[in-house]
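Accompanying notes for the structure given below.
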Ligand code: BTN
């Protein structure tokens, strides 16, 4: 699926690079440093040297737009588990280690393609105080080879995209729920109105299932953000 790699020392955002240049689907764009790294909901993504920041595009059905962030989070979690970490998935697009964010996934539509951007905190030693983030090095005390890591991740990503197109999101639902941060805990979901409920899991369309005062409610990805109560 991936045939070429463009590895940049510095770029505004790999996501914008792929979108502006309408890069072919087989090309992965990676950067050592991003000066305008972006996350969901217009947030910025801290992209200092030592992290792994990459984007690529793929042809994907419209119904996959909602589930792809979770499928990507699952693929990255599989890889991180294979090297000894125990990540949790924070619906809908983040991975956490020991209560702090270690990875974010951004999925955006570009005409008939979806552009996927992934940021992983790998070898950073510190983060600005206002960011609740951690890195693989902070957790493990080890330094990681980011080239080998990228190749390993791309294998897991490729396998997951094939599985999604052959079997749909149902093939991932259990894996997502097994790793779901705050599962069975009371949470607030900002829709942007706050909704309080017990996080039950995810639906077959990737939606978040909350048991609220009004019964079981499901929330699609959108302008939502989730917090523990
Ligand atoms: C989020 O947590 O909201 C998603 C963060 C996604 C960050 C990645 S880093 C590579 C790609 N380029 C960007 O500007 N953003 C994504």
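The values are calculated or read from the model by the stated rules, or taken from the named source; none is laboratory data. In this text the structure is predicted, and so the values were computed from the model without any measurement. Neighbour counts are summed over all protein chains in view; Cβ atoms, including those assigned to glycine, are modelled from backbone coordinates with ideal geometry.
Summary table
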| read-out | value |
| --- | --- |
| Test: residue in region 131-146 that is within 16 Å of the ligand (Cβ to nearest atom) and at pLDDT below 95 | yes |
| Pairs where the first residue, in region 3-15, is within 9 Å of residue 36 (Cβ to Cβ) and in contact (Cβ under 8 Å) with a residue 12 or more places away in the chain and the second is in a loop (DSSP other than H, G, I, E, B) and within 13 Å of the ligand (Cβ to nearest atom), C-beta under 7 Å, 6+ apart | 12/35; 12/36; 13/36; 13/37 |
| Residue that is farthest from the ligand (Cβ to nearest atom), among those in region 1-15 that are buried (at least 19 other Cβ atoms within 10 Å of the Cβ) and over 26 Å from residue 159 (Cβ atoms) | 11 |
| Filtered residues of region 175-193 (kept if free of Cβ contacts under 8 Å to residues at least 40 places away in the same chain and out of contact with any strand residue (DSSP E or B) (no Cβ under 7 Å at 6 or more places or on another chain)) | 178, 192, 193 |
| Candidates 92, 105, 86 - the one that is touching a strand residue (DSSP E or B) at 6+ places or on another chain (Cβ under 9 Å), more than 16 Å from residue 54 (Cα to Cα) and within 10 Å of the ligand (Cβ to nearest atom) | 92 |
| Restricting region 52-77 to residues that are more than 22 Å from residue 20 (Cα to Cα) and over 14 Å from the mean Cα position of the chain (by Cα), the residue that is nearest to the ligand (Cβ to nearest atom) | 64 |
| Within region 111-137, tally of residues that are over 15 Å from the mean Cα position of the chain (by Cα) and either surrounded by fewer than 17 Cβ atoms within 10 Å (Cβ to Cβ) or under 16 Å from residue 49 (Cβ atoms) (or both) | 14 |
| Residue selected from region 138-176 under the condition more than 20 Å from residue 58 (Cα to Cα) and within 15 Å of the chain's Cα centre (by Cα), by the criterion surrounded by the most Cβ atoms within 10 Å (Cβ to Cβ) | 176 |
